[in-house]
1. Filter the stretch 148-166 for residues that are near the ligand (Cβ under 8 Å from one of its atoms) and either in contact with a helix residue (DSSP H, G or I) (Cβ under 6 Å, 6 or more places away or on another chain) or modelled with pLDDT under 95 (or both) and give the result.
2. List, please: which pairs have Cβ atoms under 7 Å, are six or more places apart or on different chains, and start with a residue in the stretch 99-110 that is more than 20 Å from VAL49 (Cα to Cα) and end with one that is at pLDDT 95 or above and open to solvent by 60 Å² or more (accessible area, probe 1.4 Å)?
3. Only one of ASP73, ASP5 is open to solvent by 10 Å² or more (accessible area, probe 1.4 Å), out of contact with any strand residue (DSSP E or B) (no Cβ under 8 Å at 6 or more places or on another chain) and in contact (Cβ under 8 Å) with a residue 60 or more places away in the chain. Can you tell me which?
4. Kindly indicate the residue of the stretch 138-152 that is of a type in the set (D, E, K, R) and without any contact (Cβ under 8 Å) to a residue 60 or more places away in the chain and also least open to solvent (accessible area, probe 1.4 Å) among those meeting that condition.
5. Name, by its number, the condition in (1) without any contact (Cβ under 8 Å) to a residue 60 or more places away in the chain; (2) within 10 Å of the ligand (Cβ to nearest atom); (3) under 22 Å from ARG54 (Cβ atoms); (4) of a type in the set (D, E, K, R) that does not hold for LYS248.
6. Near the ligand (Cβ under 10 Å from one of its atoms), open to solvent by 20 Å² or more (accessible area, probe 1.4 Å) and either touching a helix residue (DSSP H, G or I) at 6+ places or on another chain (Cβ under 7 Å) or part of a strand (DSSP E or B) (or both): is that true of LEU278 in this structure?
7. Is it fair to say ARG171 is surrounded by 14 or more Cβ atoms within 10 Å (Cβ to Cβ) and either within 10 Å of the ligand (Cβ to nearest atom) or closer than 30 Å to ASN85 by Cβ (or both)?
8. Inspect all residues belonging to the stretch 209-228 and state whether any of them is of a type in the set (Lys, Arg) and within 20 Å of the chain's Cα centre (by Cα).
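The values are calculated or read from the model by the stated rules, or taken from the named source; none is laboratory data. All values derive from a computational prediction rather than experimental measurement. Note that we place each Cβ from the backbone using ideal geometry, even for glycine, and neighbour counts take in every protein chain shown. These area figures cover heavy atoms from the full protein model, side chains too; ligands, DNA and RNA do not enter into them. Shrake-Rupley method; radii C 1.70, N 1.55, O 1.52, S 1.80 Å.
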Amino acid sequence: MTLLDGKATSEQIKLEIAEKVREIIARGGQRPHLIAILVGEDGASQTYVAGKERACQQVGFDSTIIRYPDTVDQSTLLDKIREINSDPNVHGLIVQLPLPKHIDEQLVINTIDPSKDVDGFHPENFGRMVLGLPTFVSATPFGIMELLERYKIETSGKKCVILGRSNIVGRPLANLLSQKGYPGDCTVTICHSRSKDIKSITLDADIIIAALGVPEFLKGDMVKEGAVVIDVGITRVKADNKAGFKLKGDVLFDEVAPKCSYITPVPGGVGPMTIVSLLKNTLRASGN
Ligand code: NAP
């Protein structure tokens, strides 16, 4: 079994991005600038945004976090997005999800200028991804594709089962993995909460991607020998430690790992790859 080390891979990618930033600055170019809008006090969202800011600093990007209380008006948020859309000193804009219930998330996404939508959530960018056109591929699927590529994992003709059909993970991944070329050409099956007998489906899979948000859903007896397993899940479960929680993936690692040819850990697998993919999209948004 080989560990798909997202942490080490992402550190390598950060070095590559930092080198590009040095070249940009040396030729008098503009430093890439990412803005993150954070609404409310959700602990996980704050951690994610702080991680993105830290990664920006590591590679030499400018980064700004704009914070609003969870009582913020939708119109205030939309006005701020429009202002950032027209600011030539900002290249990438993300709005950390989820948003409070009184705010229309899709409207917020639709208001971001597609050329600054480095999360790849805008319908224009999502549509371009589906058509296989150059675009901002959303960070988690992008990071998973890159991890497969960097470890040279064979995908052509492989049976790939994706657990979860969200717009930010399962659905875009299914599309990317079924596209022509490497890493793609998979025969893809998507499972969701209405799927029946998921075990019989995963047992037949060469590649399993678990993106459910159900801790330790994928057990050892659901995986065939030699499978590649990618664990996207991150759920905070109560723990008797200082933080009061620990992170659990969607895969019961101790049972599944011995059967795998490759597997991602949680943490240190998909999470860090997601962050560097956001950096890559921001670099691209800055015209580099
Ligand atoms: P989501 O929007 O809640 O979608 C979960 C999907 O799983 C849905 O399609 C749901 O089916 C399906 N599902 C839930 N319970 C199921 C069950 N018991 N059996 C079969 N299908 C089930 O979640 P998401 O945003 O895609 O995130 C999934 C997980 O990945 C979460 O733990 C999240 O924290 C994590 N995540 C990690 C990263 C990262 O950077 N590592 C990035 C994004 C997300 P229905 O559609 O039928 O409801």
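1. GLY164, ARG165
2. As it stands, the answer is ASN110/PRO123, since those pairs meet every condition given.
3. ASP5
4. GLU149
5. If we test LYS248 against (1) without any contact (Cβ under 8 Å) to a residue 60 or more places away in the chain; (2) within 10 Å of the ligand (Cβ to nearest atom); (3) under 22 Å from ARG54 (Cβ atoms); (4) of a type in the set (D, E, K, R), just (3) comes out false.
6. No.
7. Yes; evaluated as a whole, the condition is true for this residue.
8. Looking for residues that are of a type in the set (Lys, Arg) and within 20 Å of the chain's Cα centre (by Cα), one finds none in the stretch 209-228, hence no.
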